[in-house]
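Read through the structure below, which is laid out as structure tokens, and then see the notes.
What follows is calculated from the coordinates using simple rules that are stated; it is not laboratory data. Predicted model only: the values in this text are computed from it and were never measured. Every residue, glycine as well, gets a Cβ built from its backbone with ideal geometry; the counts of neighbours run over all protein chains shown.
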Amino acid sequence: MSAAEMMKLYITTPSPFARKCRVVAREKGVSLEEVVVDPYANAPELLAYNPLIQVPSLIAEDGLPLNDSPIICEYLDMVGSGPRLTPESGPERLRVRRIEATADGLLEMGVKLVLEKRRPEHERSPSWMERWAANMHRALDALEAADLSADDFHIGSLTAGIALTWISFRHPDFDWATGRPRLVALQAALEARPSFAATQPA
Ligand SMILES: N[C@@H](CCC(=O)N[C@@H](CS)C(=O)NCC(=O)O)C(=O)O
């Protein structure tokens with residue numbers, strides 16, 4: 001890639017990790033080209049940049065590949081304009097990164113559950129599925145207790161909102177809302193933002 005080329009973000013449209021980066025790019029006014037690939041088909045362009053063959057993967061303007069949504073979001077936050085979504089230092093940074101890590105962990109459990117559900121029934125492990133679902137409920141309780149709100153907009157709260165919508169999308173029978181009124185309000189408020197409306201999972 002020459003220095004003049006636009007940044008490329010490799011995505012899939014259902015991926016919540018890719019959606020984090022797509023939302024951050026929009027919030028920070030960063031122009032990039034979103035390229036849809038299929039990681040499960042070992043898309044060659046993804047394979048060239050990401051040894052784990054996962055989305056999202058960002059190719060920066062200087063050709064530097066960045067993988068893993070927390071790093072990609074931090075980079076977009078640095079090069080974009082407007083208020084920081086990941087505070088640069090101090091206890092605020094730690095607070096926000098802890099929330100992001102909990103929401104990312106919630107998503108990782110949910111992705112394991114999706115993959116397990118896609119296996120033939122006789123190959124599934126009910127005990128692992130129960131464990132991952134219980135972990136998801138604990139992570140949701142931790143996020144509810146974190147007292148998040150759409151007015152306190154940062155990488156942690158936006159990742160939590162993305163996780164909630166994704167759970168409804170991929171696990172419609174999983175009840176994340178009952179008893180978690182703050183998360184219900186957070187999701188509704190975040191999904192009304194243009195950056196969220198433009199990146200609905202599909
Ligand atoms: N820790 C990574 C997780 C990325 C991830 O799990 N991506 C999934 C899609 S949601 C993927 O590409 N899976 C393909 C594979 O693992 O083979 C991040 O935050 O970006």
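Brief remarks follow.
- Taking the average, over residues, of other Cβ atoms within 10 Å as the packing measure, peptides 195-202, 6-13 rank 6-13, 195-202 from highest down.
- Between the C-alpha center of the range 146-202 and that of the range 70-109 there is a gap of 16 Å.
- Estimated [θ] at 222 nm from DSSP helical runs (n ≥ 4, -39500 (n - 2.57)) normalised by residues in the chain, nearest 500: -17500 deg cm²/dmol
- Candidates per trypsin sites (Lys or Arg not before Pro) in the range 65-172, loop by DSSP, up to 15 other Cβ within 10 Å: R124
- The charge dipole of the chain, taken about its Cα centre with unit charges on the Cβ atoms of Lys, Arg (+1), Asp and Glu (-1) only, comes to about 340 debye.
- Amide H partners (placed H, <5 Å) of S57, local residues excluded: Y10
- Three-way shape call for the chain based on the alpha-carbon gyration tensor, with the a/c threshold at 1.5: oblate
- Protection proxy ranking, highest mean first, for peptides 62-69, 47-54: 62-69, 47-54, where packing is the per-residue count of other beta-carbon atoms within 10 Å, averaged.
- Judged by the gyration tensor of its Cα atoms, with axes a ≥ b ≥ c, the range 7-79 is prolate; a/c meets the 1.5 cut and a/b is the larger of a/b and b/c.
- Taking the chain as the region of interest, the number of lysine pairs whose Cα atoms are within less than 19 Å, with members eight or more places apart or on different chains, is 4.
- Each peptide in 19-31, 175-187 gets a packing score, the mean of other Cβ atoms within 10 Å over its residues, and the list from highest to lowest is 19-31, 175-187.
- DSSP bridge orientation in the chain - percent antiparallel, rounded to nearest 5: 55 percent
- Among beta bridges that DSSP assigns inside the range 7-79, antiparallel share in %, nearest 5: 55 percent
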